[in-house]
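A short worksheet on the structure shown next.
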Amino acid sequence: MRLAMLGGGGFRTPLVYGALLGDRHEPRVDEVWLHDIDPGRLATIRRVLDEMAAGQPDAPRVHATTDLDTALEGSDFVFSAVRVGGLEGRTADERVALDLGLLGQETTGPGGISFGLRTVPVARHVAERVVAVAPDAWVINFTNPAGMITEAMQGVLGDRVVGICDSPIGLARRAAARLGLAPAVTTVDYVGLNHLGWLRGLHHDGRDVLPDLLRDDAALASMEEGQLFGLDWVRTLGTIPNEYLYYYYFTRDAVRSIRAAEQTRGEYLLEQQRGFYAALDGGRPGALAEWDRVRMERNATYMREARGEDEERDEADVQGGGYEGVALAIMAAISRGEPAELILDVRNRGTVPGLPEDAVVEVPCVVDAAGPRPHPLPPLTGHPLGLVEQVKAVERLVIRAALTGDEAMAVEAFALHPLVDSVTVARRLLAGYRARIPAVDAVFDRLR
(Lines give C-alpha, C1' and ligand atoms only; values in the text may rest on other atoms or scores of the structure.)
Protein backbone atom coordinates (compact mmCIF):
# COMPACT_ATOMS: atom_id res chain seq x y z
CA MET A 1 0.00 0.00 0.00
CA ARG A 2 1.03 3.56 -0.62
CA LEU A 3 0.67 6.36 1.96
CA ALA A 4 1.03 10.06 1.17
CA MET A 5 1.90 12.31 4.11
CA LEU A 6 1.11 15.98 3.52
CA GLY A 7 3.08 18.27 5.77
CA GLY A 8 5.69 15.52 5.64
CA GLY A 9 8.49 17.87 6.70
CA GLY A 10 6.66 18.48 9.96
CA PHE A 11 8.08 17.54 13.33
CA ARG A 12 5.57 14.79 14.11
CA THR A 13 5.99 12.83 10.86
CA PRO A 14 8.42 10.35 12.52
CA LEU A 15 5.69 9.31 14.95
CA VAL A 16 3.61 7.93 12.09
CA TYR A 17 6.58 6.32 10.38
CA GLY A 18 7.59 4.68 13.66
CA ALA A 19 4.10 3.20 13.96
CA LEU A 20 4.40 1.84 10.41
CA LEU A 21 7.70 0.16 11.29
CA GLY A 22 5.96 -1.80 14.00
CA ASP A 23 3.15 -2.99 11.71
CA ARG A 24 3.92 -6.56 10.64
CA HIS A 25 0.54 -7.48 9.16
CA GLU A 26 -0.39 -7.85 5.52
CA PRO A 27 -1.34 -5.86 3.58
CA ARG A 28 0.88 -3.15 5.00
CA VAL A 29 2.22 0.22 3.89
CA ASP A 30 5.35 -0.41 1.88
CA GLU A 31 5.75 3.02 0.28
CA VAL A 32 5.56 6.47 1.93
CA TRP A 33 5.55 9.73 -0.01
CA LEU A 34 6.35 12.84 2.02
CA HIS A 35 5.09 16.15 0.68
CA ASP A 36 6.04 19.58 1.98
CA ILE A 37 6.52 23.03 0.46
CA ASP A 38 9.83 23.42 2.35
CA PRO A 39 12.54 21.19 0.83
CA GLY A 40 14.92 21.81 3.74
CA ARG A 41 12.46 20.53 6.31
CA LEU A 42 11.68 17.56 4.08
CA ALA A 43 15.36 16.64 3.88
CA THR A 44 15.79 16.85 7.66
CA ILE A 45 12.77 14.67 8.46
CA ARG A 46 13.77 12.17 5.80
CA ARG A 47 17.11 11.77 7.58
CA VAL A 48 15.27 11.06 10.84
CA LEU A 49 13.18 8.41 9.07
CA ASP A 50 16.24 6.87 7.44
CA GLU A 51 17.84 6.42 10.86
CA MET A 52 14.62 4.92 12.21
CA ALA A 53 14.57 2.41 9.34
CA ALA A 54 18.26 1.44 9.60
CA GLY A 55 18.66 -2.31 9.98
CA GLN A 56 15.04 -3.05 9.07
CA PRO A 57 15.05 -4.49 5.54
CA ASP A 58 11.26 -4.45 5.25
CA ALA A 59 10.87 -0.81 6.33
CA PRO A 60 8.52 1.22 4.09
CA ARG A 61 10.40 2.98 1.31
CA VAL A 62 10.43 6.76 1.73
CA HIS A 63 10.21 9.32 -1.07
CA ALA A 64 10.07 13.10 -0.70
CA THR A 65 8.64 15.71 -3.06
CA THR A 66 7.43 19.31 -3.13
CA ASP A 67 4.90 18.47 -5.87
CA LEU A 68 1.46 17.68 -4.46
CA ASP A 69 0.17 15.54 -7.33
CA THR A 70 3.33 13.45 -7.35
CA ALA A 71 2.85 12.67 -3.67
CA LEU A 72 -0.87 11.89 -4.03
CA GLU A 73 -0.99 9.92 -7.26
CA GLY A 74 -1.87 6.27 -6.71
CA SER A 75 -2.09 6.59 -2.92
CA ASP A 76 -4.32 4.28 -0.92
CA PHE A 77 -4.28 6.60 2.10
CA VAL A 78 -3.48 10.27 2.54
CA PHE A 79 -2.46 11.62 5.91
CA SER A 80 -2.90 15.41 6.02
CA ALA A 81 -1.10 17.41 8.71
CA VAL A 82 -0.33 20.72 7.05
CA ARG A 83 0.22 24.06 8.80
CA VAL A 84 -0.69 26.94 6.49
CA GLY A 85 1.38 29.95 7.51
CA GLY A 86 3.77 27.86 9.57
CA LEU A 87 4.50 28.48 13.22
CA GLU A 88 4.91 32.16 12.41
CA GLY A 89 1.19 32.16 11.61
CA ARG A 90 0.44 30.40 14.88
CA THR A 91 2.27 33.04 16.90
CA ALA A 92 0.18 35.72 15.19
CA ASP A 93 -3.00 33.73 15.90
CA GLU A 94 -2.09 33.89 19.58
CA ARG A 95 -0.73 37.43 19.87
CA VAL A 96 -3.47 39.29 17.97
CA ALA A 97 -6.09 37.89 20.34
CA LEU A 98 -3.97 38.35 23.48
CA ASP A 99 -3.30 41.98 22.59
CA LEU A 100 -7.07 42.49 22.63
CA GLY A 101 -7.42 40.81 26.01
CA LEU A 102 -8.81 37.56 24.58
CA LEU A 103 -7.65 33.95 24.66
CA GLY A 104 -4.73 33.42 22.29
CA GLN A 105 -4.68 29.71 21.48
CA GLU A 106 -4.07 27.65 18.34
CA THR A 107 -7.46 26.01 17.80
CA THR A 108 -9.80 27.41 20.45
CA GLY A 109 -11.35 30.86 20.12
CA PRO A 110 -10.25 33.61 17.72
CA GLY A 111 -6.89 31.98 16.97
CA GLY A 112 -8.69 28.88 15.72
CA ILE A 113 -10.92 31.02 13.49
CA SER A 114 -7.86 32.71 11.97
CA PHE A 115 -6.19 29.33 11.48
CA GLY A 116 -9.34 28.01 9.82
CA LEU A 117 -9.75 30.99 7.49
CA ARG A 118 -6.33 30.48 5.92
CA THR A 119 -6.40 26.67 6.00
CA VAL A 120 -9.85 25.88 4.52
CA PRO A 121 -8.95 26.97 0.94
CA VAL A 122 -5.78 24.87 1.02
CA ALA A 123 -7.63 21.87 2.43
CA ARG A 124 -10.29 22.11 -0.27
CA HIS A 125 -7.57 22.27 -2.93
CA VAL A 126 -5.97 19.15 -1.48
CA ALA A 127 -9.36 17.40 -1.55
CA GLU A 128 -9.85 18.34 -5.19
CA ARG A 129 -6.42 16.99 -6.13
CA VAL A 130 -7.14 13.73 -4.28
CA VAL A 131 -10.30 13.31 -6.38
CA ALA A 132 -8.28 14.02 -9.53
CA VAL A 133 -5.25 11.75 -9.00
CA ALA A 134 -6.13 9.32 -6.18
CA PRO A 135 -9.93 8.96 -6.28
CA ASP A 136 -9.95 5.71 -4.30
CA ALA A 137 -7.84 7.06 -1.44
CA TRP A 138 -9.04 7.56 2.10
CA VAL A 139 -7.92 10.84 3.68
CA ILE A 140 -7.06 10.94 7.38
CA ASN A 141 -7.03 14.55 8.51
CA PHE A 142 -5.07 15.84 11.48
CA THR A 143 -4.78 19.40 10.18
CA ASN A 144 -6.19 21.78 12.78
CA PRO A 145 -8.79 22.94 13.55
CA ALA A 146 -9.45 19.26 12.82
CA GLY A 147 -13.25 19.18 12.90
CA MET A 148 -13.63 22.32 10.80
CA ILE A 149 -11.05 21.25 8.23
CA THR A 150 -12.52 17.74 7.98
CA GLU A 151 -15.96 19.26 7.34
CA ALA A 152 -14.54 21.54 4.64
CA MET A 153 -12.86 18.59 2.90
CA GLN A 154 -16.01 16.47 3.12
CA GLY A 155 -17.66 18.99 0.81
CA VAL A 156 -15.46 17.42 -1.90
CA LEU A 157 -14.59 13.93 -0.61
CA GLY A 158 -17.71 12.99 1.32
CA ASP A 159 -17.19 10.22 3.86
CA ARG A 160 -13.75 9.30 2.50
CA VAL A 161 -12.13 11.89 4.77
CA VAL A 162 -11.97 11.23 8.52
CA GLY A 163 -10.68 13.60 11.20
CA ILE A 164 -8.58 12.38 14.11
CA CYS A 165 -7.40 13.79 17.43
CA ASP A 166 -5.61 12.03 20.25
CA SER A 167 -7.18 14.08 23.07
CA PRO A 168 -10.50 12.20 23.50
CA ILE A 169 -8.93 8.77 23.09
CA GLY A 170 -6.25 9.70 25.62
CA LEU A 171 -8.95 10.87 28.04
CA ALA A 172 -10.89 7.61 27.74
CA ARG A 173 -7.70 5.58 28.12
CA ARG A 174 -6.67 7.47 31.27
CA ALA A 175 -10.12 7.06 32.82
CA ALA A 176 -10.10 3.30 32.21
CA ALA A 177 -6.57 2.94 33.56
CA ARG A 178 -7.43 4.75 36.81
CA LEU A 179 -10.16 2.14 37.34
CA GLY A 180 -7.78 -0.71 36.61
CA LEU A 181 -9.53 -1.55 33.34
CA ALA A 182 -8.07 -2.19 29.91
CA PRO A 183 -9.57 0.20 27.32
CA ALA A 184 -10.51 -2.81 25.17
CA VAL A 185 -13.03 -4.01 27.77
CA THR A 186 -14.81 -0.68 28.11
CA THR A 187 -17.41 1.13 25.99
CA VAL A 188 -17.06 4.90 25.81
CA ASP A 189 -19.80 7.52 25.84
CA TYR A 190 -18.00 10.62 24.56
CA VAL A 191 -19.63 13.37 22.52
CA GLY A 192 -18.92 16.82 21.16
CA LEU A 193 -16.79 18.57 18.56
CA ASN A 194 -13.05 18.49 18.08
CA HIS A 195 -11.46 20.04 21.20
CA LEU A 196 -14.95 20.49 22.68
CA GLY A 197 -16.27 17.23 24.11
CA TRP A 198 -17.18 15.41 27.30
CA LEU A 199 -16.65 11.87 28.59
CA ARG A 200 -20.15 11.12 29.90
CA GLY A 201 -19.89 7.41 30.56
CA LEU A 202 -17.49 4.48 30.67
CA HIS A 203 -19.24 1.12 30.56
CA HIS A 204 -17.84 -2.21 31.72
CA ASP A 205 -19.78 -5.46 32.15
CA GLY A 206 -23.06 -3.67 31.50
CA ARG A 207 -22.48 -0.96 34.11
CA ASP A 208 -21.39 2.69 33.87
CA VAL A 209 -18.23 2.83 36.00
CA LEU A 210 -17.50 6.53 35.44
CA PRO A 211 -19.34 7.47 38.70
CA ASP A 212 -16.87 5.21 40.53
CA LEU A 213 -14.02 7.30 39.17
CA LEU A 214 -15.75 10.58 40.01
CA ARG A 215 -16.13 9.45 43.65
CA ASP A 216 -12.50 8.38 44.02
CA ASP A 217 -10.42 11.38 45.17
CA ALA A 218 -7.03 9.79 44.59
CA ALA A 219 -7.83 8.32 41.17
CA LEU A 220 -9.50 11.48 39.87
CA ALA A 221 -6.75 13.74 41.21
CA SER A 222 -4.12 11.61 39.46
CA MET A 223 -5.66 12.36 36.04
CA GLU A 224 -4.58 15.41 34.08
CA GLU A 225 -8.23 16.42 33.78
CA GLY A 226 -8.71 16.26 37.54
CA GLN A 227 -5.71 18.54 37.95
CA LEU A 228 -6.81 20.93 35.20
CA PHE A 229 -10.42 21.41 36.24
CA GLY A 230 -10.33 20.53 39.94
CA LEU A 231 -12.28 17.69 41.51
CA ASP A 232 -15.20 19.88 42.61
CA TRP A 233 -15.86 21.23 39.10
CA VAL A 234 -15.60 17.81 37.46
CA ARG A 235 -18.08 16.46 39.98
CA THR A 236 -20.37 19.44 39.44
CA LEU A 237 -20.44 18.64 35.73
CA GLY A 238 -20.85 14.91 36.32
CA THR A 239 -18.63 14.35 33.27
CA ILE A 240 -14.92 14.62 32.50
CA PRO A 241 -14.33 17.40 29.96
CA ASN A 242 -11.79 17.30 27.17
CA GLU A 243 -8.71 19.22 28.30
CA TYR A 244 -9.41 22.03 25.80
CA LEU A 245 -12.58 22.94 27.67
CA TYR A 246 -10.25 24.49 30.24
CA TYR A 247 -10.20 27.50 27.92
CA TYR A 248 -13.99 27.85 28.21
CA TYR A 249 -14.47 27.05 31.90
CA PHE A 250 -11.38 28.97 33.11
CA THR A 251 -11.01 31.63 30.43
CA ARG A 252 -9.69 34.45 32.60
CA ASP A 253 -7.24 32.13 34.34
CA ALA A 254 -5.93 30.89 30.98
CA VAL A 255 -5.58 34.38 29.51
CA ARG A 256 -3.82 35.66 32.63
CA SER A 257 -1.40 32.72 32.64
CA ILE A 258 -0.59 32.97 28.93
CA ARG A 259 -0.05 36.73 29.09
CA ALA A 260 2.19 36.39 32.14
CA ALA A 261 4.49 33.92 30.39
CA GLU A 262 7.58 35.07 28.51
CA GLN A 263 6.43 33.20 25.41
CA THR A 264 3.20 31.86 23.99
CA ARG A 265 3.09 28.17 23.10
CA GLY A 266 3.55 29.07 19.43
CA GLU A 267 6.56 31.27 20.15
CA TYR A 268 8.13 28.51 22.22
CA LEU A 269 7.62 25.93 19.46
CA LEU A 270 8.85 28.33 16.78
CA GLU A 271 12.10 28.88 18.68
CA GLN A 272 12.47 25.18 19.49
CA GLN A 273 11.85 23.98 15.94
CA ARG A 274 14.10 26.60 14.38
CA GLY A 275 16.81 25.27 16.65
CA PHE A 276 16.03 21.66 15.75
CA TYR A 277 16.06 22.13 11.98
CA ALA A 278 19.11 24.44 12.14
CA ALA A 279 21.04 21.95 14.29
CA LEU A 280 20.54 19.22 11.69
CA ASP A 281 21.20 21.40 8.67
CA GLY A 282 24.33 20.16 6.92
CA GLY A 283 23.75 16.48 7.49
CA ARG A 284 25.41 15.86 10.86
CA PRO A 285 24.66 12.40 12.35
CA GLY A 286 22.31 11.77 15.23
CA ALA A 287 19.12 13.15 13.64
CA LEU A 288 16.89 10.57 15.34
CA ALA A 289 18.39 11.13 18.80
CA GLU A 290 18.03 14.88 18.47
CA TRP A 291 14.44 14.54 17.27
CA ASP A 292 13.57 12.30 20.22
CA ARG A 293 15.15 14.69 22.71
CA VAL A 294 13.22 17.66 21.34
CA ARG A 295 9.99 15.61 21.21
CA MET A 296 10.17 14.78 24.92
CA GLU A 297 10.86 18.41 25.79
CA ARG A 298 7.94 19.52 23.64
CA ASN A 299 5.52 17.02 25.21
CA ALA A 300 6.54 17.92 28.75
CA THR A 301 5.56 21.58 28.21
CA TYR A 302 2.14 20.88 26.62
CA MET A 303 -0.67 23.08 28.09
CA ARG A 304 1.73 24.48 30.68
CA GLU A 305 -0.51 27.52 31.14
CA ALA A 306 -3.14 25.28 32.74
CA ARG A 307 -0.81 23.75 35.37
CA GLY A 308 0.73 25.13 38.54
CA GLU A 309 4.30 26.40 38.49
CA ASP A 310 5.70 23.24 40.09
CA GLU A 311 3.21 20.80 38.58
CA GLU A 312 4.70 18.33 36.12
CA ARG A 313 2.93 16.17 33.55
CA ASP A 314 2.40 12.49 34.24
CA GLU A 315 5.29 10.49 32.75
CA ALA A 316 2.90 8.30 30.72
CA ASP A 317 1.43 11.42 29.11
CA VAL A 318 4.88 12.81 28.32
CA GLN A 319 5.82 9.55 26.59
CA GLY A 320 2.29 9.56 25.15
CA GLY A 321 1.77 10.32 21.53
CA GLY A 322 -1.38 8.70 20.28
CA TYR A 323 -2.61 10.16 17.02
CA GLU A 324 -0.24 7.99 15.01
CA GLY A 325 -1.83 4.92 16.61
CA VAL A 326 -5.29 6.20 15.68
CA ALA A 327 -4.21 6.74 12.07
CA LEU A 328 -2.72 3.25 11.86
CA ALA A 329 -5.86 1.70 13.38
CA ILE A 330 -8.05 3.42 10.76
CA MET A 331 -5.82 2.17 7.94
CA ALA A 332 -5.78 -1.37 9.34
CA ALA A 333 -9.55 -1.43 9.80
CA ILE A 334 -10.24 -0.27 6.24
CA SER A 335 -7.51 -2.15 4.39
CA ARG A 336 -7.43 -5.40 6.37
CA GLY A 337 -10.96 -5.57 7.71
CA GLU A 338 -9.77 -5.40 11.34
CA PRO A 339 -12.67 -3.61 13.11
CA ALA A 340 -11.59 -0.87 15.49
CA GLU A 341 -13.41 1.22 18.08
CA LEU A 342 -12.19 4.81 17.87
CA ILE A 343 -13.34 8.35 18.67
CA LEU A 344 -13.28 10.19 15.33
CA ASP A 345 -14.46 13.32 13.54
CA VAL A 346 -17.22 12.16 11.19
CA ARG A 347 -20.51 13.33 9.70
CA ASN A 348 -23.26 13.72 12.27
CA ARG A 349 -26.14 11.93 10.55
CA GLY A 350 -28.40 12.37 13.58
CA THR A 351 -25.83 11.24 16.15
CA VAL A 352 -26.07 14.62 17.91
CA PRO A 353 -29.64 15.94 17.61
CA GLY A 354 -29.65 19.70 17.21
CA LEU A 355 -26.75 19.78 14.74
CA PRO A 356 -27.03 19.61 10.94
CA GLU A 357 -26.86 16.15 9.37
CA ASP A 358 -23.65 17.01 7.50
CA ALA A 359 -21.92 18.71 10.43
CA VAL A 360 -18.74 16.98 11.61
CA VAL A 361 -18.90 15.78 15.21
CA GLU A 362 -16.40 13.92 17.41
CA VAL A 363 -17.93 10.66 18.64
CA PRO A 364 -17.15 6.96 19.17
CA CYS A 365 -17.23 4.96 15.93
CA VAL A 366 -16.71 1.45 14.69
CA VAL A 367 -14.37 1.35 11.71
CA ASP A 368 -14.20 -1.52 9.22
CA ALA A 369 -13.65 -1.99 5.48
CA ALA A 370 -16.59 0.32 4.76
CA GLY A 371 -15.11 3.14 6.85
CA PRO A 372 -16.26 4.67 10.14
CA ARG A 373 -19.83 4.56 11.46
CA PRO A 374 -20.76 6.49 14.61
CA HIS A 375 -22.43 4.64 17.46
CA PRO A 376 -25.89 5.72 18.63
CA LEU A 377 -25.54 7.95 21.67
CA PRO A 378 -27.86 9.48 24.26
CA PRO A 379 -28.79 13.05 23.23
CA LEU A 380 -26.52 15.90 24.21
CA THR A 381 -28.39 18.21 26.60
CA GLY A 382 -27.94 21.26 28.79
CA HIS A 383 -25.08 23.71 28.47
CA PRO A 384 -22.90 21.27 26.43
CA LEU A 385 -25.54 21.21 23.67
CA GLY A 386 -25.78 24.99 23.63
CA LEU A 387 -22.00 25.39 23.50
CA VAL A 388 -21.62 22.78 20.77
CA GLU A 389 -24.38 24.37 18.67
CA GLN A 390 -22.83 27.83 18.98
CA VAL A 391 -19.29 26.71 18.14
CA LYS A 392 -20.50 24.57 15.23
CA ALA A 393 -22.39 27.57 13.81
CA VAL A 394 -19.12 29.53 14.00
CA GLU A 395 -17.17 26.76 12.27
CA ARG A 396 -19.62 26.66 9.38
CA LEU A 397 -19.44 30.45 9.02
CA VAL A 398 -15.65 30.22 8.88
CA ILE A 399 -15.80 27.60 6.11
CA ARG A 400 -18.19 29.72 4.04
CA ALA A 401 -16.20 32.92 4.62
CA ALA A 402 -12.95 31.22 3.62
CA LEU A 403 -14.42 29.77 0.42
CA THR A 404 -16.30 32.92 -0.66
CA GLY A 405 -14.03 35.67 0.63
CA ASP A 406 -16.98 37.24 2.45
CA GLU A 407 -15.47 39.63 4.99
CA ALA A 408 -18.78 40.33 6.75
CA MET A 409 -19.25 36.60 7.30
CA ALA A 410 -15.76 36.36 8.82
CA VAL A 411 -16.58 39.18 11.23
CA GLU A 412 -19.81 37.36 12.11
CA ALA A 413 -17.84 34.20 12.87
CA PHE A 414 -15.52 36.04 15.26
CA ALA A 415 -18.40 37.94 16.90
CA LEU A 416 -20.51 34.84 17.54
CA HIS A 417 -17.76 32.80 19.14
CA PRO A 418 -18.39 32.43 22.90
CA LEU A 419 -14.81 33.54 23.68
CA VAL A 420 -15.20 36.88 21.84
CA ASP A 421 -17.14 39.49 23.79
CA SER A 422 -17.87 42.27 21.31
CA VAL A 423 -18.66 42.86 17.64
CA THR A 424 -16.23 45.77 17.75
CA VAL A 425 -13.51 43.44 18.97
CA ALA A 426 -14.46 40.94 16.23
CA ARG A 427 -13.76 43.59 13.58
CA ARG A 428 -10.44 44.42 15.22
CA LEU A 429 -9.53 40.74 15.30
CA LEU A 430 -10.08 40.31 11.58
CA ALA A 431 -8.13 43.48 10.83
CA GLY A 432 -5.30 42.35 13.06
CA TYR A 433 -5.05 38.90 11.51
CA ARG A 434 -5.17 40.33 7.99
CA ALA A 435 -2.34 42.71 8.86
CA ARG A 436 -0.18 40.00 10.46
CA ILE A 437 -0.85 36.91 8.34
CA PRO A 438 -0.66 37.13 4.53
CA ALA A 439 -2.57 33.85 4.09
CA VAL A 440 -5.56 35.28 5.98
CA ASP A 441 -5.47 38.50 3.97
CA ALA A 442 -5.34 36.52 0.73
CA VAL A 443 -8.74 34.93 1.50
CA PHE A 444 -10.38 38.32 0.98
CA ASP A 445 -8.28 39.56 -1.95
CA ARG A 446 -10.99 38.65 -4.45
CA LEU A 447 -13.29 41.36 -3.03
CA ARG A 448 -10.80 44.21 -3.50
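The values are calculated or read from the model by the stated rules, or taken from the named source; none is laboratory data. All figures in this text were calculated on a predicted structure; none of them were measured in a lab. Ideal geometry is used to build each Cβ from the backbone, glycine not excepted, and the neighbour counts take in all protein chains shown. We work out accessible area using only protein heavy atoms, side chains counted, and drop any ligands, DNA or RNA first. Shrake-Rupley method; radii C 1.70, N 1.55, O 1.52, S 1.80 Å.
Read phi for every residue in region 380-387 and hand back ³J(HN,Hα) as whole Hz from Karplus 6.51 cos²θ - 1.76 cosθ + 1.60, θ = phi - 60°, with x for Gly and Pro.
Once rounded to whole Hz, the list reads 7, 9, x, 4, x, 5, x, 5.
In percent, how large is the relative contact order of region 175-248, given Cα pairs closer than 8 Å and 6 or more residues apart?
It rounds to 30 percent for region 175-248.
How would you order 253-262, 432-441 from highest to lowest mean count of nearby Cβ atoms within 10 Å?
432-441, 253-262
Just to verify a number: what accessible area does W138 come out at with the full protein assembly present, 1.4 Å probe, Å² rounded to tens?
30
Using only alpha carbon pairs under 8 Å that are at least six residues apart, calculate the relative contact order of the chain and give it in whole percent.
17 percent.
Subtracting the Cα-Cα distance from 0.36 nm times the residue separation, let me have the gained length for R61 to T301 in nm, one decimal.
83.1 nm
For the chain, what does the helix formula give at 222 nm: sum of -39500 (n - 2.57) over DSSP H segments with n ≥ 4, over the residue count, nearest 500 deg cm²/dmol?
-15500 deg cm²/dmol, from helical runs alone.
May I ask you to derive the FRET efficiency for D69 and D159 from their Cβ-Cβ distance with R0 = 22 Å, giving the value to the nearest 0.05?
E(calc), rounded to 0.05, equals 0.40.
Between V29, V185, V131, find the one with the highest GNM mean-square fluctuation for the chain; connect C-alpha pairs within less than 10 Å.
V185
What distance in nm separates the two pseudo spin-label positions at T424 and H383, each 7 Å out from Cα along the beta-carbon direction?
Spacing of the two 7 Å Cα→Cβ label points: 2.8 nm.
Which value, in Å² and to the nearest 10, is the accessible area of L237 when all protein chains are kept and the probe is 1.4 Å?
Its heavy atoms expose roughly 40 Å² to the probe.
Please give, to one decimal in nm, the separation of the simple spin-label points placed at R349 and R259, each 7 Å out from Cα toward the Cβ.
The modelled label-to-label distance comes out at 4.6 nm.
Would you rank D445, D136, D345 by solvent-accessible area, highest first, keeping every protein chain in place and using a 1.4 Å probe?
Correct descending sequence by accessible area is D136, D445, D345.
Between Y249 and A369, what is 0.36 nm times their sequence separation minus the Cα-Cα distance? Round to one decimal in nm.
39.3 nm
Can you tell me the FRET efficiency between E338 and S222 if r is taken as the Cβ-Cβ distance and R0 is 41 Å, rounded to the nearest 0.05?
After rounding, the FRET efficiency stands at 0.80.
Report the extension gain between E128 and E271 in nm, rounded to one decimal, defined as 0.36 nm multiplied by the number of residues separating them, less their alpha carbon distance.
48.1 nm
Report T424's accessible area, 1.4 Å probe, all protein chains in place, as a number in Å² to the nearest 10.
Surface accessible to solvent at T424 totals approximately 80 Å².
Output ³J(HN,Hα) for region 232-248: one whole-Hz value per residue in order, computed from phi by the Karplus curve 6.51 cos²θ - 1.76 cosθ + 1.60 with θ = phi - 60°, and x for Gly and Pro.
Listing the rounded values in order: 4, 5, 4, 5, 4, 5, x, 9, 10, x, 4, 3, 6, 6, 3, 5, 8 Hz.
Using a 1.4 Å probe over the heavy atoms of the protein chains, calculate the carbon and sulfur portion of the accessible area of the chain as a whole percent.
The computed percentage sits at 51.
Among DSSP beta bridges lying fully in the chain, give the percent that are antiparallel, nearest 5.
Of those bridges, close to 55 percent are antiparallel.
In nm, to one decimal, how far is the I37 label point from the A279 one, both placed 7 Å along Cα→Cβ?
Using points 7 Å along Cα→Cβ, the separation is 2.7 nm.
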